[in-house]
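Enquirer: First, the structure itself, so that you have it in front of you.
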Ligand code: GH3
Ligand code: MG
Ligand code: MG
């Protein structure tokens, strides 16, 4: 409750309590003072009663004296004094009675009554004595005034006055004590109130300064210091206060929330930036790939970094085929087949990205098995032709954002172009390296191979130069196409027989070269003979017509026995020429210098 109060409310409350306490304390001070004045009045009253009682006793005594003197001397002045005293005594008695009516106890009243009756009795005796004296009975009068009765009455009166004075003293002492006790009591209460007020004031001061101001300020100062250091983990407690400190706390909370939001946005921006950087890196590498294996490596390395939540496959369409085959995968995709036909994929059929998921609204591709995930197929195209498919799967409920989809499509476009480029490149390389008619490696490839061998020599190398015998004849007799067919036929046999041990090249025209690394001269001779026989053996027909038997002549050279690698072709060619001269359909191995 206190925590909801404003500081001003607390201080106002404290003022009110202090005011009440002060009022109570002032009242008790007044009460205490009044008790003191009552005490004074009581003392005053009793002193007066005391004095009067004493005066009464003295007066009674002096009257007795005057009466006695009168009856002894017969002087009228004493009689006059007696009556004056008698009057005075009457006045005193009246005063006494008036005073004694003010707060007098019944016992005291009885005491006064007794005094008065004693005084009256003495009075009567004395007045009787004066009458007797006047009547001439001086002895009777003297006897009455000095007699035992008068004496005992006078003694009783004095004793009674003494008693009443003692009683009054006791009573006034009691009253003084009571008034003092009351005064002390109220005084103590007043003092306690003052002490309470002071304590209250100190407590409020302590509470306000320490609990409600200093502590929260220290806490807030710590929080602000940490927030200034961008440490947003710091907790700003919501103390629900509605005072100035509460407002400051609220402001700090807003400050922290803003900081957190800014940090979140920063993190998001950094993440997005990192994603874009990665995508850029990936696209650069994709475009620099020299073959599909490299492409697969780049894609399956970068995709999980860019999209950690998505697994996938990179499918490539075989050239002139209709089957897609997974070239690479990442993050263990589970739902798709590894090979499938174009028609099994809705995306490939429609040429547009296709999204489907288990129990979803859209149809699922046939190459996708039912699994607890959602799938996205994006066709890879180049210049309108399908070259492959980018397949992605995420856990169900892990929706790919529109931005992610855009990125996927951007990457798919990039990968599609790269695949098309690679295919084009493969074709160009093939065209540059191979001969279109026979499919054998061309003269350029032969030069490259020889350069390679020159730079990195192998143990031994054999070279076969082959020329089709009287080839011109096939062209002339059966036409150029028949010549081509003979060329293809010979090329096929050369490839079949020597392809495993070495490389077969079309040297040019109807001449071929075979390089046999690690082959000794005898091995080469053996292969040359096998080739010669194989070509010679099979009859060749073209468009239903049996052609003349085809034969070849071969020249064999070796390195290092016969000479350097750079001269191996020339030497084989010379041996070929020798074979031609020698009658064709034969092989001749170069003459080794030592043997010559
Ligand atoms: P030899 O036994 O002395 O080698 O006689 P040959 O007729 O085989 O030799 P020649 O050099 O006189 O003839 C080769 C012919 O091969 C010349 C050329 O027209 C023909 N030729 C070269 N390349 C091709 C080709 O690609 N296709 C066809 N059909 N003929 C070709
Ligand atoms: Mg020739
Ligand atoms: Mg020839």
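Coordinate-derived values only; no laboratory data. The shown structure was predicted, so the numbers you read here are calculated from the model rather than taken from an experiment. No Cβ is skipped: glycine too gets one built from the backbone with ideal geometry, and neighbour counts run over all protein chains shown.
Enquirer: How much length would be gained if the chain were fully extended between residue 34 and residue 358, taking 0.36 nm per residue of separation minus their Cα-Cα distance, in nm to one decimal?
Expert: 106.8 nm is the gain from fully extending residue 34 to residue 358.
Enquirer: Using only Cα atoms, locate the centre of the range 49-68 and the centre of the range 472-515, then give the distance between them in Å, rounded to an integer.
Expert: 182 Å
Enquirer: Give me the three principal axis extents of the chain from the C-alpha atoms, as integers in angstrom, largest value leading.
Expert: Principal axes ranked by extent give 226, 62, 30 Å for the Cα atoms.
Enquirer: Report, to two decimal places, the Cα Rg of the range 433-557 normalised by 2.2 N^0.38 Å (N = number of residues).
Expert: 1.07
Enquirer: On to the next question. Ranking request for peptides 198-204, 426-432, 297-303: highest mean number of other beta-carbon atoms within 10 Å first, then the rest in descending order.
Expert: Highest-to-lowest ranking by the protection proxy: 297-303, 198-204, 426-432.
Enquirer: Against the longest principal axis of the chain, how steep is helix 480-498, in degrees 0 to 90 to the nearest 10, with axes from Cα atoms?
Expert: That works out to roughly 70 degrees.
Enquirer: In whole angstrom, and with the biggest value first, how far do the Cα coordinates of the range 333-402 range along each principal axis?
Expert: Between the extreme Cα coordinates on each principal axis of the range 333-402 lie 35, 27, 21 Å.
Enquirer: Ratio of the range 385-470's C-alpha Rg to 2.2 N^0.38 Å, to two decimals?
Expert: In units of the 2.2 N^0.38 Å rule of thumb, it is 1.96.
Enquirer: By average Cβ neighbour count within 10 Å, what is the ranking of 113-126, 454-467 from highest down?
Expert: Final packing ranking: 454-467, 113-126.
Enquirer: Report the calculated FRET efficiency for residue 233 and residue 318 (r = Cβ-Cβ distance, R0 = 56 Å), to the nearest 0.05.
Expert: After rounding, the FRET efficiency stands at 0.50.
Enquirer: Rounded to the nearest 0.05, what FRET efficiency do residue 284 and residue 332 have when you use their Cβ-Cβ distance and R0 = 35 Å?
Expert: E between residue 284 and residue 332, to the nearest 0.05, is 0.85.
Enquirer: Another question, if that's okay. What's the ranking of 244-255, 491-502, 372-383 by average number of surrounding C-beta atoms within 10 Å, highest first?
Expert: By packing density, highest mean first, the sequence is 372-383, 491-502, 244-255.
Enquirer: Ignoring everything except DSSP H segments at least 4 long, calculate the 222 nm mean residue ellipticity for the chain; use -39,500 (n - 2.57) per segment, divide by total residues, nearest 500.
Expert: My calculation for the chain gives -22000 deg cm²/dmol from helical runs alone.
Enquirer: Just want to confirm a number: the relative contact order over the chain, from Cα pairs under 8 angstrom separated by 6+ residues, in percent.
Expert: 9 percent
Enquirer: Taking the alpha-carbon centroid of each part, what is the distance from the range 517-596 to the range 347-393 in angstrom?
Expert: 57 Å
Enquirer: Measure of size requested: the Rg and Dmax of the range 217-326, with Cα atoms as the atom set and Å as the unit; please supply both.
Expert: Here Rg and the maximum Cα pair distance are 25.2, 80 Å.
Enquirer: Related question: At 7 Å along the Cα-to-beta-carbon direction for both residue 265 and residue 152, put a label point, then send me their distance in nm to one decimal.
Expert: Distance between the two pseudo-spin positions: 12.3 nm.
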